[in-house]
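The values are calculated or read from the model by the stated rules, or taken from the named source; none is laboratory data. A quick note: this is a predicted structure, and the numbers were derived from the prediction, not measured. Neighbour counts are summed over all protein chains in view; Cβ atoms, including those assigned to glycine, are modelled from backbone coordinates with ideal geometry. Each accessible area value is taken on the protein alone, full model and side chains, heavy atoms only, with ligands, DNA and RNA left out. Shrake-Rupley method; radii C 1.70, N 1.55, O 1.52, S 1.80 Å.
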Amino acid sequence: MSLLVVGLSHRSAPVSVLERASLAAETQAKLLQDALAAEPAAEAAVLATCNRIELYADVDKFHAGVAELSTLLAQHSGVGLDELTPYLYVHYEDRAVHHLFSVACGLDSMVVGEGQILGQIKDALARGQELHTAGRLLNDLFQQALRVGKRAHSETGIDRAGQSLVTFGLEQLAAGADVTDWARGKRALVIGAGSMSSLAAATLARAGVAEIVVANRTRARAGRLVEILGQPGGTGVAAHAVEMAAVADELTRADVVVSCTGATGLVLTAEAVAGALGLAFDSAHEAPAAPVPAPPAAPDRHAAWVENGTAGTVRQAVRRATVPAQGAGPVRLALLDLAMPRDIDGATARLDGVRLVDIESLAEASADAPMAADVDQVRTIVADEVAAFGAAQRAAHITPTVVALRTMAAGVVAGEIARLDGRLPDLDEKQRAEISQTVRRVVDKLLHAPTVRVKQLASEPGGAGYADALRELFDLDPQTVAAVSRADLNDPNRGRS
């Protein structure tokens, strides 16, 4: 096993670098193909999320592998190698396994213990299988990572330590208030219809928002999400889908916006948000100018603009902020940007009445989040699973040699039985069967102890050389061993997620 991972995450790089290095789906496919074409790599898989980009490979040379994988990440991300290198981390063999298992358990997540990473690991494996870049090692590794992650969540209370990025983001928007109390009765706009946006819509619905509008580049996909939200026995929230062109108009009615698309540019500019709130925006200085008078609020206008008094009057809530900082004045529009690269212009945070939470601010907030006691238990699980995986891989490495040895022995037995038939043609079937069984038992007993022992030795660190010793001692044909390995690799049941 020569597993190598080269990557960067929120722990090693600032969000601004992660944002520039993010990989679109088609870019990930090209990266995998180029990694497999590179000389040091026999297999490759890429794990790309909103806060990490990692390239896994089975390599035959460590230093050449690090150089090649680093270069490929730089080329496909568009960030220069010299600029990218200080933020890259490298893990090899057991340390690489430990890293992925920790990631699968949520120990390396921005929000410790979150479970969404399991779906992203599953997607990474499926992509490698579809493109035929994931072979025996990476199939086994990612399948086991999924099992380890599920074990950590089922056997420990790691879920209490963390939550989804969506939930954490909404808590930051609520600014200390209970999310359910904060969300109740609000109008929500969800931009995008992928897995993160779907999770956001479901979370908002459970929190008690009054209405959810889903906008997506593909109207049909937004419609499917709306159907899910409205299914019988579901949340019961009022939901409908709109075209992306309707986002500007929906902004005027929304109280909270969650955006997570795959767009390479901004989806919401500061000018668009300012316009929806009736504010003038000085783009030259990226700062809000004096608020322009807002039209009289009505029930179909921005919900936060109106406030029902005891006499049923309507009062405008637009005020000039006294402090030009995030959250200054009453929050009229809460923005949650979970995209990488970002969907929402960072300058919107300086608009009066706007609160913006994005990946960068989530990273800062998560640094102060308390660690649960269950984290130590999860770390123990990871350590045990890493040791078991390494032993299994080392044992599997010698299996083709053991199979080839037993195949050779079976051939010797068959040859000797045939020779005996020629020399003793008068043996009846019962005698011939008894002799054949006796010879096979002798061979099996002679091979049993050495083959069992060699598997035990091979499973220990540094045990890979026992396969070579076995091949040398018994003069096994390397082609036979390779044929057994290929047959195992081509097993249709291997690597199915």
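The table below lists the values:
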item: Qualifying positions in region 150-189 - in a loop (DSSP other than H, G, I, E, B) and either charged (D, E, K, R) or open to solvent by less than 70 Å² (accessible area, probe 1.4 Å) (or both); result: Thr156, Gly157, Gly162, Gln163, Ser164, Ala175, Ala177, Asp178, Arg184, Gly185, Lys186
item: Qualifying residue in region 95-109 (condition: in contact (Cβ under 8 Å) with a residue 24 or more places away in the chain, over 26 Å from Gly390 (Cβ atoms) and surrounded by 19 or more Cβ atoms within 10 Å (Cβ to Cβ)); result: no
item: Test: Ala134 is hydrophobic (A, V, I, L, M, F, W, C), open to solvent by 10 Å² or more (accessible area, probe 1.4 Å), part of a loop (DSSP other than H, G, I, E, B) and in contact with a helix residue (DSSP H, G or I) (Cβ under 8 Å, 6 or more places away or on another chain); result: yes
item: Residue list for region 110-131, restricted to those being open to solvent by less than 10 Å² (accessible area, probe 1.4 Å) and not aliphatic (A, V, I, L, M); result: Gly113, Gly128
item: Candidate set from region 433-468 (those that are β-branched (Val, Ile, Thr) and modelled with pLDDT of 85 or more); member that is most open to solvent (accessible area, probe 1.4 Å); result: Val442
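The rows are residues; the columns are (1) open to solvent by 40 Å² or more (accessible area, probe 1.4 Å); (2) within 22 Å of the chain's Cα centre (by Cα).
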{"position": "Met340", "(1), (2)": "no, yes"}
{"position": "Asp343", "(1), (2)": "no, yes"}
{"position": "Asp352", "(1), (2)": "no, no"}
{"position": "Arg355", "(1), (2)": "yes, no"}
{"position": "Ala363", "(1), (2)": "no, yes"}
{"position": "Ile381", "(1), (2)": "no, yes"}
{"position": "Val402", "(1), (2)": "no, no"}
{"position": "Val412", "(1), (2)": "yes, no"}
{"position": "Glu416", "(1), (2)": "yes, no"}
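Every residue, every condition in (1) of a type in the set (A, V, I, L, M); (2) within 14 Å of Cys105 (Cβ to Cβ); (3) at pLDDT below 95, yes or no:
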| residue | (1), (2), (3) |
| --- | --- |
| Lys122 | no, no, no |
| Leu125 | yes, no, no |
| Leu138 | yes, no, no |
| Leu141 | yes, no, no |
| Leu146 | yes, yes, no |
| Ala174 | yes, no, yes |
| Ala177 | yes, no, yes |
| Ile191 | yes, no, no |
